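A quick write-up on the structure given underneath.
What follows is calculated from the coordinates using simple rules that are stated; it is not laboratory data. The model shown is predicted, which means the values in this text are computed figures rather than measured ones. Neighbour counts are summed over all protein chains in view; Cβ atoms, including those assigned to glycine, are modelled from backbone coordinates with ideal geometry.
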Amino acid sequence: MMRSHRCGDLRGDHAGETVELCGWVNSRRDHGGVTFIDLRDRAGLVQVVFSPGVAAEAHDVAQTLRAEFCIRVTGVVQTRREGTVNPRISTGEIEVAAEAVEVFSEAETPPFPIDGHQDTEESLRLRYRYLDLRRNHMQDNLDLRHGIVGAIRRFYDAHGFVEIETPMMTRSTPEGARDYLVPSRVHPGKFFALPQSPQLFKQLFMVAGLDRYYQIVKCFRDEDLRADRQPEFTQLDVEMSFVGVEDVLDLTEEMFKSVWAEVLDVSLPDFMRLTYDESMRRFGVDKPDVRFGMELADLGTVFAATEARVFRSALDSGGAVNSIAVPGGGRLTRKELDGLVEEAKQLGAGGLVWAAVTPDGLKSPMDKFLSDEERTGLVGASSAREGDLILIVADGRVGVVHKVLGALRNRMGERFGLIPELERSDPGAWKFVWITDFPWFEYNEEEARWDPIHHPFTGVVEETLQYLESDPARVVSKAYDITLNGWELASGSIRIHDRVMQERVFSALGITPEEAEERFGFLLRAFRYGPPPHGGIAPGIDRIVALAAGESNIREVIAFPKTQSVFDPLTGAPAAVDEAQLELLHLKSTAPPEK
RNA sequence: GCCCCAGUGGAGCAGCCAGGAGUGCUCAUCUCCCUGUCAAGGAGAAGGUCGCCAGUUCAAAUCUGGUCUGGGGCGCCA
């Protein structure tokens with residue numbers, strides 16, 4: 001070994017020891033005589049002192065060192081003189097008196113500072129990701145990811161699960177997200193698809209009797225990116241046989257508790273549970289951030305007899321009038337209020353009615369259309385206090401009302417500082433919520449048909465089976481999500497294991513037996529051979545780690561992520577390929593030539 | 001496909017609303033000084049086609065249109 005210790009591991013106990021350290025020059029403080037180097041490795045920083053009187057040769061070399069040179073230092077650990085201790089670094093009680101230094105390699109001046117005192121534009125960080133990953137912060141994130149993945153594996157190992165790999169080159173299924181395709185050289189004109197999830201394979205494991213399966217696996221979806229979405233991402237894929245909804249919920253909750261205990265030393269309380277309906281009614285979204293209040297209020301009763309046209313027509317057409325009360329929102333300027341109206345329109349609302357609760361009563365563009373009872377009822381039902389701002393959305397479509405107010409609630413929560421800063425050691429900082437009883441179907445306006453909210457293999461709650469053909473909106477599924485602080489962390493369901501039942505569902509989805517055979521024939525065939533009752537869940541690893549790390553986007557916990565336009569500034573991928581390569585794959589590009 | 005924000009020496013920002021010479025700040029870089037600093041300090045220097053293209057104007061970093069890149073969001077994401 002070239003080194004005896006890691007820089008960041010040295011402590012007072014090491015005083016007197018001769019050590020060999022390898023690392024990068026974090027900073028240099030040259031006093032002409034004595035020269036200090038902060039040496040950095042994965043474990044952290046340590047101060048190295050070069051004194052001309054102690055080691056003249058090493059001191060000469062120290063003068064030539066620059067940021068990010070990779071070096072080895074041999075020296076003696078000594079406790080620092082009184083008054084020179086640095087409490088801001090973990091090794092601050094000691095320093096290393098250099099006796100010799102070896103320069104492994106010099107470094108050009110880096111394109112951005114590595115010592116982590118200022119943010120850098122992300123595209124630059126990604127182009128030089130290897131330098132970005134030199135930062136202790138990024139290394140800590142990757143280390144946390146490793147720790148979480150390890151804890152997950154230990155948990156499932158201890159519960160009798162077996163990790164099995166599934167193919168990366170598989171068959172395209174036209175539902176769901178767009179696929180990434182892999183052309184076949186051997187089969188002209190045919191394509192493999194990269195998996196959006198190993199869904200069908202894990203169900204086949206259950207048919208096979210493999211009982212308890214899990215896998216930590218890459219999945220691929222060709223959709224537009226977000227802070228919590230990358231085209232390739234990692235899932236913890238889990239499936240179990242002979243279980244119902246409660247069994248999966250219990251075990252998964254136990255898993256999260258075990259990971260948080262092991263990795264963050266936090267003992268999580270039992271997870272909150274909300275049905276989908278309750279979540280939508282109270283928070284307007286199916287991934288509620290319950291770290292703050294500002295819940296939606298239903299004003300249907302208040303405005304039951306209203307003359308105000310926007311409210312009247314919304315209620316008459318079977319829609320809803322809902323509000324939120326933004327604490328302290330009354331201080332917004334007219335311009336800011338106009339901005340909110342614009343935001344609401346952008347989100348799909350016809351408009352947004354605001355009403356400020358002032359000492360002189362309501363101040364609102366709607367005020368003249370309201371009766372006294374309505375004014376009182378509005379403030380009361382919205383739980384608004386003086387100084388608050390009530391935001392009201394009315395629409396003939398309840399879904400629009402929820403969507404707009406749900407989004408505004410999240411934005412207002414952030415803008416008005418209602419979301420407490422994450423205190424990672426506080427069990428109360430982690431608001432896990434189970435969302436259950438999802439509707440089975442959602443209406444697809446564009447295609448004028450009913451689509452599954454989860455996927456076509458999702459089980460149906462028996463009591464609602466009767467509506468499968470007559471009233472799809474009333475069918476409840478055996479699907480569930482875990483959300484954490486407003487992020488969807490996991491999705492799962494109990495599956496259909498009965499072939500006849502599965503065919504009935506396909507039929508309700510408008511999938512003919514021929515189409516079903518074409519797309520999922522291999523699953524249906526498998527289901528002829530004694531499939532067990534089964535179900536599972538698939539938490540997103542990138543999101544879990546990002547939340548645990550306190551990051552607001554998953555790129556911070558992925559070593560080599562892509563930009564929002566699906567580009568990797570480091571490698572330049574995606575890139576053009578030779579005509580010959582295309583020919584071999586029986587492909588011809590129709591893309592216009594590059595400028 | 002759509003909406004919003006940003007792009008100014010190597011990094012991070014201010015300047016833009018209200019047009020008047022590339023003006024400023026912090027850090028980095030280079031030279032010199034300095035034996036206890038720790039985001040060292042002091043003195044000096046070098047470094048920019050204000051993302052790009054067009055328009056308005058006597059004059060554009062600044063106003064207008066377009067475009068590219070990055071970020072946040074809507075749509076999309078079974």
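The table that follows gives values for the structure above.
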item: Conditions (1) in contact with a helix residue (DSSP H, G or I) (Cβ under 6 Å, 6 or more places away or on another chain); (2) within 16 Å of RNA strand B (Cβ to nearest atom): number failed by A:G486; result: (1)
item: One residue from A:G83, A:G33 being within 8 Å of RNA strand B (Cβ to nearest atom), at positive phi and over 36 Å from the mean Cα position of the chain (by Cα); result: A:G83
item: Test: residue in the stretch A:4-11 that is in contact with a strand residue (DSSP E or B) (Cβ under 6 Å, 6 or more places away or on another chain), of a type outside the set (G, A, S) and more than 26 Å from A:N141 (Cα to Cα); result: no
item: Identity of the residue in the stretch A:36-70, in a strand (DSSP E or B) and near RNA strand B (Cβ under 8 Å from one of its atoms), that ends up farthest from the chain's Cα centre (by Cα); result: A:V49
item: Residues of the stretch A:6-25 satisfying the condition of being crowded, with 17+ Cβ neighbours inside 10 Å and either of a type in the set (V, I, T) or in contact with a helix residue (DSSP H, G or I) (Cβ under 7 Å, 6 or more places away or on another chain) (or both); result: A:V19, A:L21, A:G23, A:V25
item: Single residue of the stretch A:159-190 satisfying the filter (assigned to a loop (DSSP other than H, G, I, E, B) and of a type in the set (D, E, K, R)) that is nearest to RNA strand B (Cβ to nearest atom); result: A:E175
item: Residues satisfying the stated conditions in the stretch A:542-565, i.e. in a helix (DSSP H, G or I) and either within 13 Å of RNA strand B (Cβ to nearest atom) or surrounded by fewer than 24 Cβ atoms within 10 Å (Cβ to Cβ) (or both); result: A:D542, A:R543, A:A546, A:L547, A:A548, A:A549, A:I554, A:R555, A:E556, A:V557
item: Residue in the stretch A:566-581 that is on the phi > 0 side of the Ramachandran plot, among the β-branched types (V, I, T) and surrounded by 12 or more Cβ atoms within 10 Å (Cβ to Cβ) present; result: yes
item: A:R28 within 10 Å of RNA strand B (Cβ to nearest atom) and either surrounded by fewer than 16 Cβ atoms within 10 Å (Cβ to Cβ) or outside any strand (DSSP E or B) (or both); result: no
item: Wholly within the stretch A:412-501, strands (runs of 3 or more DSSP E) carrying at least 1 residues that are more than 25 Å from the chain's Cα centre (by Cα) and not hydrophobic (A, V, I, L, M, F, W, C); result: A:441-444, A:449-452
item: Selection count where residues are within 16 Å of RNA strand B (Cβ to nearest atom), among the small types (G, A, S) and on the phi < 0 side of the Ramachandran plot, scope the stretch A:306-348; result: 2
